[in-house]
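Below is one structure, written out as structure tokens, with a few remarks after it.
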Amino acid sequence: LGLLNTGNNFTGKRILITAGGTREPVDPVRYIGNRSSGKMGYALAQAAKSRGAEVILISGPVSLSPPAGVEFVKVETTQEMREAVLANFNQVDIVIKAAAVADYRPLEPQEQKIKKTGEIVTLQLAKNPDILKELGTLKKHQLLIGFAAETEELIANAAEKIRLKKLDMIIANDVTLPGAGFDADTNIVKLLYPSGRVEELPQMSKTELSAVILDKIYNLMINLT
Ligand code: CTP
Ligand code: CA
């Protein structure tokens with residue numbers, strides 16, 4: 001339709017948004033994590049709130065303040081994020097998973113600071129649960145929206161994630177492009193749908209992109225695709 005639905009069209013809708021990166025402790029002073037500023041997820045939370053949605057924002061550690069009026073849950077690890085997401089999943093209509101989730105965690109986080117030893121050390125990692133994939137198996141009425149950060153084969157990789165996680169839309173992000181991803185204030189993305197349809201969006205600010213993403217979700221909500 002090409003129309004932007006910028007009105008208060010999410011009144012009565014509950015939206016769960018995850019943002020930021022999760023952190024997995026190696027020892028009391030170190031962690032492994034993903035690069036993520038949280039800007040995209042926080043911009044989405046702000047936009048959804050201002051369109052009248054009830055917003056639950058579940059976030060890893062970032063240096064942003066949660067938008068006013070959103071329900072805020074701060075988490076560190078992927079397992080904590082999973083607990084928080086699952087605890088709220090039945091009560092929401094839409095999930096947008098903008099978080100950069102750590103896929104692995106140290107198998108045995110140490111209670112004491114690890115001292116430096118040899119020239120080469122190894123860290124054993126255990127796979128974390130795939131939260132979005134789990135939601136895909138649990139979903140009933142909910143719309144599930146994911147993000148895909150890729151450095152190659154953007155469309156093929158993102159399409160596979162739609163299928164594997166039973167998503168209604170994925171925002172595919174080529175993080176190698178200048179002006180896209182991580183710390184940038186702008187993004188250059190493609191939107192993919194289960195039908196195989198791909199929509200290319202021009203470079204825009206994360207604030208502008210949140211408005212477009214919400215318009216697309218609105219269309220999915222009213223079956224206007
Ligand atoms: N995701 C998740 N739980 C995980 C990993 C990812 O919920 N353990 C979600 C992310 O929040 C994102 C989507 O799944 O919305 C895709 O994340 P991405 O890291 O691109 O894909 P992965 O499935 O982890 O695959 P890979 O990192 O191997 O490309
Ligand atoms: Ca991943």
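Read-outs: derived from the displayed coordinates by stated rules, not from any lab. Nothing here was measured: the structure is a model prediction, and the numbers come from that model. Here Cβ is always computed from backbone atoms with ideal geometry, including for glycine, and neighbour counts include all displayed protein chains.
Normalise the Cα radius of gyration of segment 1-95 by 2.2 N^0.38 Å (N = residues in it) and let me know the number.
1.18
Once you list every other residue whose beta carbon is under 12 Å from the beta carbon of residue 9, what net charge do they have if Lys and Arg are +1 and Asp and Glu are -1?
Surrounding charge for residue 9 is +1.
In whole Å, largest first, what are the principal axis extents of the Cα atoms in the chain?
Dimensions of the chain along the principal axes of its Cα atoms: 62, 35, 32 Å.
At 0.36 nm per residue, and after removing the present C-alpha to C-alpha distance, how many nm does the segment from residue 127 to residue 139 gain when stretched out fully?
2.0 nm is the gain from fully extending residue 127 to residue 139.
Excluding same-chain residues fewer than 8 positions from residue 39, which aspartates and glutamates have a Cα within less than 13 Å of its Cα?
Result set, ordered by chain and number: 183, 185, 208.
So how far apart, in nm, are the two label points at residue 117 and residue 157 if each is 7 Å from Cα heading toward Cβ?
Here the modelled spin labels are 3.4 nm apart.
Mean residue ellipticity at 222 nm from the helices of the chain, using -39,500 (n - 2.57) per DSSP H segment of n ≥ 4 over the full residue count, to the nearest 500 deg cm²/dmol?
Calculated from helices alone, the mean residue ellipticity at 222 nm is -8500 deg cm²/dmol.
Multiply the residue separation of residue 88 and residue 11 by 0.36 nm, subtract the distance between their alpha-carbon atoms, and state the gained length in nm to one decimal.
Roughly 25.9 nm would be gained on extension.
Can you order the peptides 32-45, 115-128, 146-159 by their average number of other Cβ atoms within 10 Å per residue, highest first?
Those peptides, ordered most packed to least, come out 32-45, 146-159, 115-128.
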